[in-house]
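Worksheet for the structure shown next.
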Amino acid sequence: MGSNKMGWLATFTVALAYSLCALPVMCAGFPAGGYGPGALQPNLYGATCPQAEAIVRQEVIRGLHTDIGFAAGLVRMHFHDCFVRGCDASILLESTPGNTAERDSPVNNPSLRGFEVVDSAKTRLEDACPGTVSCADILAFAARDSVALSGGPRYDVPGGRRDGTVSLASEVADNIPAPTFNLDQLTQSFAAKGLTQEEMVTLSGAHTIGRAHCTAFSDRLYNFSGTTGVADPTLDPPFLAQLQRACPASSSNGGVDPGLVVPMEPRTPYTLDTLYYWGVLRNRGLFNSDQALLASAPTAAQVWQTAYGSYPWKLRFAAAMLKMGQIQVLTGGTGQIRAKCSAVN
């Protein structure tokens, strides 16, 4: 295990010593006027399952000791869940003989990871508090804990999401922003979910952790604009050479081995920081959608301000994650509390 990983793991105890809502600003995104019937509630399980969030956090820590990449995987899984049918844990449902579920869409498979963390937490919660904690809430809590344990902001997450019963692979591609998107497409995709352009740029910072399959950006290396053998001229030349070594072309048309992966941000791949924005400023964004953030004056200014520390990115990231976690949630009598996250009751 490298020094980066050891340093990351050493933050576990320190991170857990803090309250997840230690500062009022970390609760940004909660309704100022309180909660009405059927709305998400802070500390929802305080009376019915007081150990719920601690159990989820323990399983996230356990999972990250097994594979440190699960942190990025759980954050991404929460995002992919909320952008398709809302935050209803439909991403966790397995395919059946008559239906291909979201998790088996080419957009999600094989790139999504961390399902076993959610499953382990659910098994323990069903033993402790049967039929109480939804899979959708477990995923929201796990994403929050992954952010905090990766050096990101600590914030509280309201509970009360219920689990959906439908999961269709056919709905994924139309709802998840593609790595090839330009700025207009990104803005429209996030706006369709009630998120602003500023929140889109803020949430893009999650690309500072995790990995990407070479197939997601190989056209920028070998087939730019559909021209075989041509690389994206906007890519920083040393970075382009680095990516071509990591993702060598395996065919004359620029195809690459689908199993090859690279870190999203190679300098601190396990730390949620703002180096991603430094990379974008230097034309080292991995995806076209990353580099697209410089395509307008307002978004470019936000990237610059975040990179140079004059934009309160961690606070805004916490608020944007909270807002995203409330997209089209099922509450009250809608949906169900699954007994097993991978299957409907």
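Just how many % of Cα pairs in the stretch 122-205 lie over 21 Å apart, if you round to the nearest whole percent?
Beyond 21 Å sits 51 percent of the P(r) for the stretch 122-205.
Using 1/(1 + (r/R0)^6) with R0 = 41 angstrom and r between the beta carbons of Thr66 and Ala295, what's the FRET efficiency to the nearest 0.05?
Plugging the Cβ-Cβ distance into 1/(1 + (r/R0)^6) gives 0.55.
Under a crude label model (7 Å from the Cα following the beta-carbon direction), how far is Val344 from Cys129 in nanometres?
2.6 nm
Quantify how much of the Cα-Cα distance distribution of the stretch 288-345 extends past 13 Å, in percent.
75 percent
Just to confirm, what accessible area per residue do you get for the stretch 172-226 at 1.4 Å probe, in whole Å²?
Per residue, the stretch 172-226 has 41 Å² of solvent-accessible surface.
Any idea what the dipole of the chain comes to, in debye rounded to 20, about its Cα centre with Lys/Arg Cβ at +1 and Asp/Glu Cβ at -1?
Dipole of the chain, to the nearest 20 debye: 540 debye.
Which whole-angstrom value gives the distance between the alpha carbon centres of the stretch 324-344 and the stretch 166-219?
23 Å
With every protein chain present, what accessible area does Thr123 have (1.4 Å probe, heavy atoms only), rounded to the nearest 10 Å²?
About 90 Å², ignoring ligands and nucleic acids.
Between Thr334 and Asp174, what is the label-point separation in nm under the 7 Å Cα-to-beta-carbon projection?
1.9 nm
Per residue, how much accessible surface does the stretch 67-128 expose to a 1.4 Å probe? Answer in Å², no decimals.
Each residue of the stretch 67-128 exposes 35 Å² on average to a 1.4 Å probe.
Rounded to the nearest 0.05, what FRET efficiency is calculated for Ser252 and Ala47 with R0 set to 51 Å and r the Cβ-Cβ distance?
It comes out at approximately 0.20.
So if I restrict to the alpha-carbon atoms in the stretch 33-134, what is the Rg, and what is Dmax, the biggest pairwise distance, in Å?
Cα-based Rg and Dmax for the stretch 33-134 come out at 15.0, 46 Å.
What number do you get for the chain when its Cα radius of gyration is normalised by 2.2 N^0.38 Å, N = residues?
With N residues counted in the chain, Rg over 2.2 N^0.38 Å equals 0.98.
Determine the share of the chain's accessible area contributed by carbon and sulfur atoms, expressed in whole percent, with a 1.4 angstrom probe.
55 percent
Select from Ala192, Ala71, Ala136 the residue whose mean-square fluctuation is largest in a Gaussian network model of the chain (Cα-Cα springs shorter than 10 Å).
Among Ala192, Ala71, Ala136, the largest mean-square fluctuation in the Gaussian network model of the chain belongs to Ala192.
Mind checking the dipole of the stretch 149-243: about its Cα centre, +1 per Lys or Arg Cβ, -1 per Asp or Glu Cβ, Debye to the nearest 20?
280 debye
Show that you can apply the helix-only estimate: for the chain, add -39,500 (n - 2.57) for every DSSP H stretch of four or more residues, divide by all residues, and state [θ] at 222 nm to the nearest 500.
When only DSSP H runs of four or more count, the value is -12000 deg cm²/dmol.
Using +1 at the Cβ of each Lys and Arg and -1 at the Cβ of each Asp and Glu in the chain, identify which of Gly160, Phe287, Ile209 lies farthest towards the dipole's positive end.
Ile209
The values are calculated or read from the model by the stated rules, or taken from the named source; none is laboratory data. Fair warning: this is a prediction, and the values are worked out from it, not measured in the lab. Please note: Cβ atoms are built from the backbone with ideal geometry, for glycine as well, and neighbour counts cover all protein chains shown. Please note that ligands, DNA and RNA were not included when accessible areas were found on the heavy atoms of the full protein model with its side chains. Shrake-Rupley method; radii C 1.70, N 1.55, O 1.52, S 1.80 Å.
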